[in-house]
């Protein structure tokens, strides 16, 4: 059972929905407190580490999408004077990135990986 891939898809779908809800309701504010900045920074570093350690191209694509999203969040958390239009556009992009990450996670979860015998044959 591909538990982590399914969990990733569910969580990314939820975050896509929340991000889209912000856009739909016209909520374009962003938190600029120190805790938010540090949280985004930790996520960016964690996901960067996961990208560098992942060999599967599909998993790497998922992590790159999540990395891009957290990087956008970090930039806006640090940039307190960001123009309104920029924040609105980033909210829209964030919705799309979360949706793409959910799809990528489902692809990873539901696709067949190579068998152990195939991996050993490559060595």
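Coordinate-derived values only; no laboratory data. Since this is a predicted model, take the numbers as computed values, not measurements. Here Cβ is always computed from backbone atoms with ideal geometry, including for glycine, and neighbour counts include all displayed protein chains.
Could you work out [θ]222 nm for the chain from helices alone, using -39500 (n - 2.57) per DSSP H run of at least four and dividing by all its residues? Round to the nearest 500 deg cm²/dmol.
Computed mean residue ellipticity for the chain: -27500 deg cm²/dmol.
Work out, step by step, the length gained on full extension between residue 42 and residue 78: first 0.36 nm times the residue separation, then minus their alpha carbon distance; give nm to one decimal.
The residue 42-residue 78 span can extend by a further 11.6 nm.
On a 0 to 90° scale, report how tilted helix 84-110 is relative to the longest principal axis of the chain, with both axes built from alpha carbons and the result rounded to the nearest 10.
It works out to around 20 degrees.
By how many nm would the segment from residue 56 to residue 71 lengthen if fully extended, with 0.36 nm per residue of separation less the alpha-carbon distance?
Full extension from residue 56 to residue 71 adds 3.2 nm.
Counting only C-alpha contacts under 8 Å and six or more residues apart, can you give the relative contact order of the range 3-111 as a whole percent?
51 percent
Can you put 58, 112, 91 in order of Cβ neighbours within 10 angstrom, beginning with the fewest?
Ranked by crowding around the Cβ, least crowded first: 112, 58, 91.
Determine by what factor the alpha-carbon radius of gyration of the chain differs from 2.2 N^0.38 Å, reporting the quotient.
In units of the 2.2 N^0.38 Å rule of thumb, it is 1.22.
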